[in-house]
Amino acid sequence: MAKKKKLSYLINLVGILVVFFLLYTTFQSGVLGARTTYIKGICTTACYTIIMVTSLNLLVGYMGEFSLGHAGFMSVGAYASAIVTNALASYGVPDIALFIIALFVGGIAAAITGVLVGIPALRLRGDYLAIVTVAFAEIIRVAFCNFKITGSGRTMSGITKLSSFYWCFWAMVVCVVVMYMYIRSRFGRTVIAIREDYIAASASGINVTFYKVLNFTISAFFAGIGGAMYAHYMTAMIPTNFNFSYSAEMLTEVIIGGTGSLTGSIIGATFLSALPELMRSFASYRMLAYSIVLVLVMIFKPGGIFGTWEFSLTRIVRRIRNLFSKNKKGGLANE
């Protein structure tokens with residue numbers, strides 16, 4: 001079993017390296033011409049959006065609770081990381097070290113906020129929890145509008161640009177892998193059990209509140225990392241960027257991709273990031289097209305496009321190998 005797992009990890013690592021090599025070659029060769037910088041920017045946006053959406057799926061898909069305040073955790077990570085890196089920039093810290101520090105600071109700040117919000121809020125369920133998370137995000141936004149260190153409601157600019165596509169790509173890969181491993185761990189399976197039957201899980205001795213707060217905190221941590229990447233890519237931001245509409249967009253991407261599917265979240269986040277480019281000719285109809293897609297998915301595929309299905313490169317390789325084995329046996333039989 002251990003040997004199969006190692007082989008699976010190796011196959012998936014090779015697949016990720018191939019994707020990175022193709023993107024790297026495309027951007028470095030200049031085959032896209034003047035559009036190279038723009039397309040690379042879209043890919044960078046897709047990286048932190050994927051982290052945001054997959055982290056939200058930990059709540060919505062795997063824990064079964066709606067959260068409409070995810071942008072609040074993103075803003076905490078964005079502002080906290082920007083403040084720290086601005087303070088360290090004058091000390092000659094290398095950019096890669098600053099980038100890693102920004103990610104950890106953003107994640108930890110959002111995780112602490114997640115604990116403070118989660119302990120009282122997660123005693124609620126359903127619509128009540130959604131309302132509390134909306135209130136939290138609005139409180140955070142208003143607070144950032146009044147703090148001098150965050151610009152007092154004006155644009156916070158001058159943030160060091162650290163989020164290059166290549167660094168963001170590998171940060172995104174690490175975050176998604178960690179989330180996948182968490183879901184497949186004992187803690188993740190316990191969270192899924194709570195989603196399936198809250199009362200039965202509690203009756204079997206599971207500390208439901210603890211696991212819900214743990215999951216909420218982990219989700220907030222990765223949202224903070226996404227916020228840090230966002231801040232150091234945009235280099236300027238205002239609190240209104242992290243409003244209710246942004247949280248709703250991320251929730252929509254989770255639902256479209258599939259609640260309980262990290263693959264669906266990745267595809268949904270990539271779709272939203274590429275949508276402005278695809279709809280450039282009729283940008284005024286972009287949100288209309290997005291709404292139509294959502295309505296169609298809800299009618300014909302209520303569980304999302306991917307449902308709970310996960311893409312597996314190992315499974316594909318195994319099927320191809322089995323197909324070749326059958327063909328080879330068939331050829332020998334014919335002889």
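Could you give the dipole magnitude of the chain about its Cα centre, charging the beta-carbon of Lys and Arg +1 and that of Asp and Glu -1, in debye to the nearest 20?
1140
Within the chain, which cysteines find no other Cys whose Cβ is under 4.7 angstrom from their own?
Cys43, Cys145, Cys175
If you take the beta carbon distance between Ser8 and Asn146 as r and set R0 to 41 Å, what does 1/(1 + (r/R0)^6) give as a FRET efficiency, to the nearest 0.05? Mind dumping the intermediate values first?
Working: r = 50 Å, r/R0 = 1.23.
Once the sixth-power term is evaluated, E becomes 0.25.
Along the Cα→Cβ direction, 7 angstrom out, place labels at Glu310 and Arg184. What is the inter-label distance in nm?
Placing both labels 7 Å along Cα→Cβ, they lie 0.6 nm apart.
Give me the one-decimal nm value for the distance between modelled label points at Val293 and Leu88, 7 Å along each residue's Cα-to-Cβ direction.
3.6
Using a cut-off of 14 Å between beta-carbons, work out the net charge of the residues near Gly226 (Lys and Arg +1, Asp and Glu -1, Gly226 not included).
Its environment carries a net charge of -2.
State the extension gain, in nm to one decimal, for the chain segment bounded by Val19 and Arg35, taking 0.36 nm per residue of separation less the distance between their alpha-carbons.
Full extension of this stretch gives 3.8 nm more.
Length gain on complete extension for the stretch Ser245 to Ala135, per 0.36 nm per residue less the alpha carbon to alpha carbon distance?
38.3 nm
Anything in the chain that counts as a DSSP H helix reaching 27 Å or more along its axis (C-alpha) with Kyte-Doolittle mean of at least 1.6? List them, would you?
On the way: long enough: 2-29 (40 Å, 0.93); 36-60 (35 Å, 1.24); 70-88 (28 Å, 1.02); 95-121 (38 Å, 2.22); 127-146 (29 Å, 1.41); 165-184 (28 Å, 1.67); 208-234 (39 Å, 0.94); 313-334 (32 Å, -0.60).
Membrane-span-like by this rule: 95-121, 165-184.
Non-local amide H neighbours of Tyr62 (under 5 Å, H modeled in plane, Pro and chain starts lacking H): which ones?
Gly260
The numbers here are math on the coordinates, done by the rules we state, and not lab data. Please read all numbers here as calculations on a predicted model, not as lab measurements. So basically every Cβ, Gly included, is an ideal-geometry build from the backbone, and we count neighbours across all protein chains shown.
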